[in-house]
Amino acid sequence: MAHAEFSDPTDGTGGGALGAVDRSLHRIEKVTSLIAGYGIFALMMLGVWHVIGRKFFSAPVFGYIDVVEVMMAFLVFLAIGYTERLGGHIRMELLILFLKGRLLALFELVSVLLALVVVAVIGYFSWTHAMRAYTLGDSSIDAEIPLWPSKMVVPVALALLFLRLLISLWAYLRLLVDPTRAAIAVPELLSPEEQARREAEASAALVEAEMGAASAREAR
Amino acid sequence: MALELSKDAIGIIGCIALMMLVIMGVRVYVAAALVGLVGIVSLIGWSAGAGMVGTIPHSKSVNYTLSVLPLFILIGYLAYHAGMTQSLFEAAKRWLGWMPGGLAIATIFAVAGFSAVSGAATAASAVFARVAIPEMLKANYDKRLAAGVVAAGGTLDSLIPPSAIMVVYAIIVEASIGKLLIAGFIPGFVSALTYCLIVFAWSFWNPAVAMPIRGYTWGQRFASLPGTLPMIGVVLIIFASMLLGWATPTEAGALGAFVVLVAALLNRMKLVQLNDALLETAKLTVMIFAIIWGILIFVRFLGFAGVPERFSEWVVGLPFPPWVIIVGILGVYLVLGCFMDAIGMLLLTLPVFFPAVMKLGYDPIWFGIVVVKMCGVCLLTPPIGLSCFVVAAVRRDIPLSDVFKGALPFVLADFLAIAIFIAWPELITWLPDQMLN
């Protein structure tokens, strides 16, 4: 679980058409991820409200568990494309780190093609799953919240991921044709040394900020 | 002529295919979902199979029990803005500095405390490499010891709540999250003690290390505590809620996150920083959930093919005592951990290993703690023990080989701790058995 900061792919201008498409999609991905992030923030506030209400006012949140379950789809799926773009999904990099040039592009391309197949099939059938809930009018047990919007989040998130993977496909094809070009619109591949270096930089910023805050307190 | 494969053959081919895809560098959730999808379709047909697979991501993720995970992750990212690393080190020095090797021992507890709350062993090591190593070197500590304690202390985090990896284990083997969170305490304490033993032994050989820090009054000691409140508060809230049955893990996670949020706001966290923390939380959350539902698709396939039962029967039939098999499994984790993130490694292997271990008669909570502890060891071992890499990256003057050498005694201490847990499993199972329901 590295906390090191990565450069924001929405910054900058280069990369031609591919770069422009990459940046536009990443802006959308960032918005959906922020929705997920603030959803998690809301999950925290709801939990605090529920516990305090129950302990001190005998007034817990009505249908708390139902509400949490309906929220969850938004919190745990919406950032899937964003995470793909930033290389946040776990993989074994042992072999990949040894590869260079055209061979590396080929392996990445195969990875992306396999992901496209999986995401397309699961995306389609999660859509039919959500449509079934919509036509049948399924709702949660206690609070009777309709379930289809929660189920619909899965195909929507997977559709965004599918678009992201299409851009990766384009980017790796471009590298397969000419491996000497600079990689754009794809996640960075970091060696353990490079990961450690970024972690070291991130810690420098944190310690500096704490020192600054401490001396500001003393000055007061 | 159509080739008819037996269920067993399809199951084995599936496991080999998954291994190959993962080694090729395919994202773990994609590899697991793909093999699971193809396997299920080949066993029960396209429309029934693919239709069922399409329901798994939603039905397996959207579950109240799992909602604790995003909250634990949120605690971790907010903890960075609570400004408590200096306070933790200062408090640990004042309270524990009187022991021989006082600075090193204080460092172990400060790193362990911060990494427990932040949920990131490597990041905690990076921060304390900046905060604690300069002080130790000023006191004439051996460079290798200074680097070793900073790298090793962070690996205690997975045993102390809020621990995301513990929750992931509980989810995949369907154990009680509350019991696991409670169960980590005594083993965490035992591990810290074995680390202290290493420091005592080191200070016996090298008197410079032995220098205790004395002279703090009780007033000064208590004065150092307020800065550590966010960390102590989070751990206590989760521990007490689980042990006394006050709140569900999700509720305890929400309260813990709120405490850290208040600390971060008092420490003047800015809106930009909150946005970043929430984005990082969403990113890590989706990463873990994707791999959970991906693996659960694969697990459904394994179940249809009957692989776990077959593997269990085979393991139980082996002519070795059970503890040898446990040591063998831990050996597999030690090797795998060199190449892979702990969460990915556990999720990939547990569906097959766990039923076999249960069939041998071990306790699910006990096995969880031992396995999670093993994942910590993997952060300290060459060739790519990430905690050691991070310390060497912060301290350019300490070569990577010296960091590994400094961490080696602590790896041995971990092996000792694991041997203790295998010999006396009650150390792990006693506390969760005291839980009120």
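Mind checking which residues of the range B:361-382 are farther than 23 Å from B:L431 by Cβ and surrounded by fewer than 21 Cβ atoms within 10 Å (Cβ to Cβ)? B:T381, B:P382 - these are the residues of the range B:361-382 that are farther than 23 Å from B:L431 by Cβ and surrounded by fewer than 21 Cβ atoms within 10 Å (Cβ to Cβ). Within the range A:35-47, residues that are touching a residue at least 40 places away in the same chain (Cβ under 8 Å) have Cβ atoms under 7 Å from residues that are of a type in the set (S, T, Y) in these pairs: A:G37/B:T281, counting only partners at least 6 apart in sequence or on another chain.
Of everything in the range A:24-53 that is charged (D, E, K, R) and more than 9 Å from chain B (Cβ to nearest Cβ), the residue that is surrounded by the fewest Cβ atoms within 10 Å (Cβ to Cβ) is A:R27. For the range B:282-291, the condition of being more than 22 Å from B:I177 (Cβ to Cβ) and either more than 19 Å from the chain's Cα centre (by Cα) or among the aromatic types (F, W, Y) (or both) holds for none of the residues. When the range A:58-70 is filtered for residues that are more than 7 Å from every other protein chain (Cβ to nearest Cβ) and touching a residue at least 40 places away in the same chain (Cβ under 8 Å), the ones remaining, listed by number, are A:F62, A:G63, A:D66, A:V67, A:V70.
Any idea which of (1) surrounded by 15 or more Cβ atoms within 10 Å (Cβ to Cβ); (2) at pLDDT below 90; (3) in contact with a helix residue (DSSP H, G or I) (Cβ under 9 Å, 6 or more places away or on another chain) is the one A:T10 doesn't satisfy? Tallying (1) surrounded by 15 or more Cβ atoms within 10 Å (Cβ to Cβ); (2) at pLDDT below 90; (3) in contact with a helix residue (DSSP H, G or I) (Cβ under 9 Å, 6 or more places away or on another chain), A:T10 fails exactly one: (1). Residue count for the range A:158-193 satisfying the condition of being within 14 Å of chain B (Cβ to nearest Cβ), surrounded by 15 or more Cβ atoms within 10 Å (Cβ to Cβ) and modelled with pLDDT under 90: 5. The set of residues in the range A:110-148 that are over 19 Å from the mean Cα position of the chain (by Cα), under 19 Å from A:I80 (Cα atoms) and in contact (Cβ under 8 Å) with a residue 40 or more places away in the chain contains only A:L113. Per this entry, B:F258 is counted among residues that are more than 30 Å from B:F421 (Cβ to Cβ) and without any contact (Cβ under 8 Å) to a residue 40 or more places away in the chain.
The criterion of being among the charged types (D, E, K, R) and either within 14 Å of the chain's Cα centre (by Cα) or over 17 Å from B:G101 (Cβ atoms) (or both) does not hold for B:D142. Criterion applied to B:R268, B:R310, B:R300 was being assigned to a helix (DSSP H, G or I), out of contact with any Lys or Arg (no Cβ under 8 Å at 6 or more places or on another chain), among the basic types (K, R) and modelled with pLDDT under 90, and the one residue passing it is B:R310. For the range B:255-262, the condition of being of a type outside the set (A, V, I, L, M) and either within 21 Å of the chain's Cα centre (by Cα) or at positive phi (or both) holds for at least one residue.
For the range B:228-255, name all the residues that are closer than 23 Å to B:S176 by Cα, touching a residue at least 24 places away in the same chain (Cβ under 8 Å) and surrounded by fewer than 22 Cβ atoms within 10 Å (Cβ to Cβ). Correct list: B:G233, B:V235, B:F239, B:L243, B:L244, B:G245.
Of all residues in the range B:375-385, none are part of a helix (DSSP H, G or I), at pLDDT 90 or above and of a type in the set (V, I, T). Report whether or not A:A59 is of a type in the set (A, V, I, L, M), crowded, with 18+ Cβ neighbours inside 10 Å and either within 26 Å of the chain's Cα centre (by Cα) or in a loop (DSSP other than H, G, I, E, B) (or both). For A:A59, the condition - of a type in the set (A, V, I, L, M), crowded, with 18+ Cβ neighbours inside 10 Å and either within 26 Å of the chain's Cα centre (by Cα) or in a loop (DSSP other than H, G, I, E, B) (or both) - is not met. Scanning the range B:334-343 for residues that are within 19 Å of B:P308 (Cβ to Cβ) and buried (at least 23 other Cβ atoms within 10 Å of the Cβ) turns up nothing. Reported count of residues in the range A:87-136, each being within 19 Å of A:P155 (Cα to Cα), within 7 Å of chain B (Cβ to nearest Cβ) and of a type in the set (G, A, S), is 2. With respect to B:I291, determine if the residue is closer than 18 Å to B:V62 by Cβ, out of contact with any Lys or Arg (no Cβ under 6 Å at 6 or more places or on another chain) and facing chain A (nearest Cβ under 8 Å). Considered against the rule, which asks whether it is closer than 18 Å to B:V62 by Cβ, out of contact with any Lys or Arg (no Cβ under 6 Å at 6 or more places or on another chain) and facing chain A (nearest Cβ under 8 Å), B:I291 comes out as yes.
The values are calculated or read from the model by the stated rules, or taken from the named source; none is laboratory data. It should be emphasised that the depicted structure is a prediction, and the values quoted were computed from it without experimental measurement. Every residue, glycine among them, receives a Cβ derived from its backbone with ideal geometry; neighbour counts consider all protein chains shown.
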